[in-house]
Every structure is written in structure tokens, then in C-alpha cells.
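J.: Pasting a structure here, questions to come.
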Amino acid sequence: YSYAYLIAGPGGVIQSITATPDMTGVPAGIYTVCGLSYLTEHQNLLPSPNGALTITQLSNQLNSNTPPFCGNITANCVHVTIYALPPDEETEAVICAPACFDFLGDFYCASGDYFVDQTDVHGCHYNAILHLTVNNPTFKTITEMVCPGECSTHPLFPDACTPGQYQITL
């Protein structure tokens, strides 16, 4: 006797019969995996997955008075859920120095791209990516001569009416 695995998708429709229960490369979805014991000499009689044959139908055929081959499907099948990989999350932020940016509980203070490995509720890994731009402050000096009794004509300093230095943060 030999052993194979039936991998079925929605509705129990057999998608493949394989020597190992390796589901690498199978798309996200809900599957049923059952063992199939069969007479080795009948390997060429195993059905080809046709998109319609279900595990239940094959089991009924094997238990009938005229089975298509000598075989038995195990009763203890395993249900497998394959979750889709979550997409990477991207965040763009622009801040002014000396501030830092809180990204997932860590603080970033310099321009750059930061990759943080994350795990979703199903245990699947994905990247959280921060594109951070840190702008440094710039200073601009304005010099204006004002006659006695007059005030600055610059719109940012309307109350500058006496000699001295005035500063405003924008």
C-alpha cells in the first residue's frame, strides 16, 4: 500500500492529490487535508482533480460495491486555514527638528526610511515602513530702520515701534 494526501478547497472539492501535505504556494483560503491509503498497483487509477469531485464523493465511491480502485480515506481529516499576507503599511511624516516622531512606540529623530517587522493577529509578518523627513529650522534676519514715532512696516512686526531686536517663530 501507498499513502497520499487529498487537498480540498471550498465545498470539499479535491484540488490535488500529493505525496506530501506541503501547502507552500497554495493561495489563501480554507482547506481540508485527508490521508488516502491505496493499493500501490492502483496508483494509475487515482482520479485526477477535475474541479468537481469532492472528498465525500470519492469516499462514497471507495465504500461502494464497485470502487474505482482499492483505497481508503482517513476519517480524521485536518482543516487548514491559510491567511493572505498582510500588505506592508507605509507612513510618511514630516517634522521639524528637534522634534522626534513616535512610530509604533519608538521615536525617530532623523530623516530616513525605517522598516519595522510587524505580526498581524494571525501570526503573519509584514513591514511597517516609515518615510520620515526632518526639516531643520531656518532663520531669516530682517533689518529695518524706523523713524522716531513710527512703527515697523513689516507685516510680521506691526508692534515694533521702539529700538531693539524682535523675534517671531513661524
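J.: Taking the Cα centre as origin and putting +1 on Lys and Arg beta-carbons and -1 on Asp and Glu beta-carbons, what dipole magnitude results for the chain, to the nearest 20 debye?
T.: That gives the chain a dipole magnitude of about 760 debye.
J.: Ignoring ligands, DNA and RNA, what percent of the 1.4 Å accessible area of the stretch 1-74 is carbon and sulfur?
T.: Details: 2160 of 4160 Å².
With neighbouring chains kept in place, the figure for the stretch 1-74 is 52 percent.
J.: Please compute the length gained on full extension between residue 161 and residue 92, using 0.36 nm multiplied by the number of residues separating them and subtracting their Cα-Cα distance. Display every interim value, and only then the final one.
T.: Details: separation 69, 0.36 × 69 = 24.84 nm, distance 4.32 nm.
Value of the extension gain: 20.5 nm.
J.: Give me the one-decimal nm value for the distance between modelled label points at residue 99 and residue 126, 7 Å along each residue's Cα-to-Cβ direction.
T.: Each label point lies 7 Å from its Cα, and together they span 2.7 nm.
J.: Let me ask you something else. Calculate the translational D of the stretch 78-170 in whole µm² s⁻¹ from Stokes-Einstein, where the hydrodynamic radius comes from the Kirkwood formula applied to all Cα pairs, the temperature is 20 °C and the viscosity 1.002 mPa s.
T.: 119 µm²/s
J.: Determine the relative contact order of the chain: mean sequence separation of Cα pairs under 8 Å and six or more apart, normalised by residue count, in whole percent.
T.: Relative contact order for the chain comes out at 16 percent.
J.: Modelling each spin label as a point 7 Å along the Cα-to-Cβ direction, I'd like the residue 28/residue 143 distance in nm, to one decimal.
T.: Here the answer is 6.5 nm between the modelled labels.
J.: What would the Debye formula give as log10 I(q)/I(0) at q = 0.25, 0.29 Å⁻¹ for the alpha-carbon point model of the stretch 122-170, no solvent?
T.: -1.01, -1.20
J.: Another question, then. Between 5, 129, 149, whose Cα lies farthest towards the positive end of the dipole of the chain when Lys and Arg beta carbons carry +1 and Asp and Glu beta carbons carry -1, centred on the Cα centre?
T.: 5
J.: Given only helices, namely DSSP H runs of n ≥ 4 each adding -39500 (n - 2.57), what is the per-residue ellipticity at 222 nm of the chain, to the nearest 500 deg cm²/dmol?
T.: One gets -1500 deg cm²/dmol as the mean residue ellipticity at 222 nm.
J.: Continuing with the same structure: Among 129, 17, 142, which one shows the highest mean-square fluctuation when the chain is modelled as a Gaussian network with alpha-carbon springs under 10 Å?
T.: 142
J.: For the chain, I need the span (max minus min coordinate) of the C-alpha atoms along each principal axis, in Å, sorted largest to smallest.
T.: 116, 24, 23
J.: Another one. Accessible area per residue for the chain in Å², computed with a 1.4 Å probe and the full protein assembly in place, what is it?
T.: Result: 70 Å² of accessible area for each residue.
J.: Tell me the label-point distance for the pair residue 118, residue 135, using the 7 Å Cα-to-Cβ offset, in nm and rounded to one decimal.
T.: According to this spin-label approximation, the distance is 2.6 nm.
The values are calculated or read from the model by the stated rules, or taken from the named source; none is laboratory data. It should be emphasised that the depicted structure is a prediction, and the values quoted were computed from it without experimental measurement. Glycine also receives a Cβ, built like all others from the backbone with ideal geometry; neighbour counts cover every protein chain displayed. Note: areas computed on protein heavy atoms with side chains; ligands, DNA, RNA excluded. Shrake-Rupley method; radii C 1.70, N 1.55, O 1.52, S 1.80 Å.
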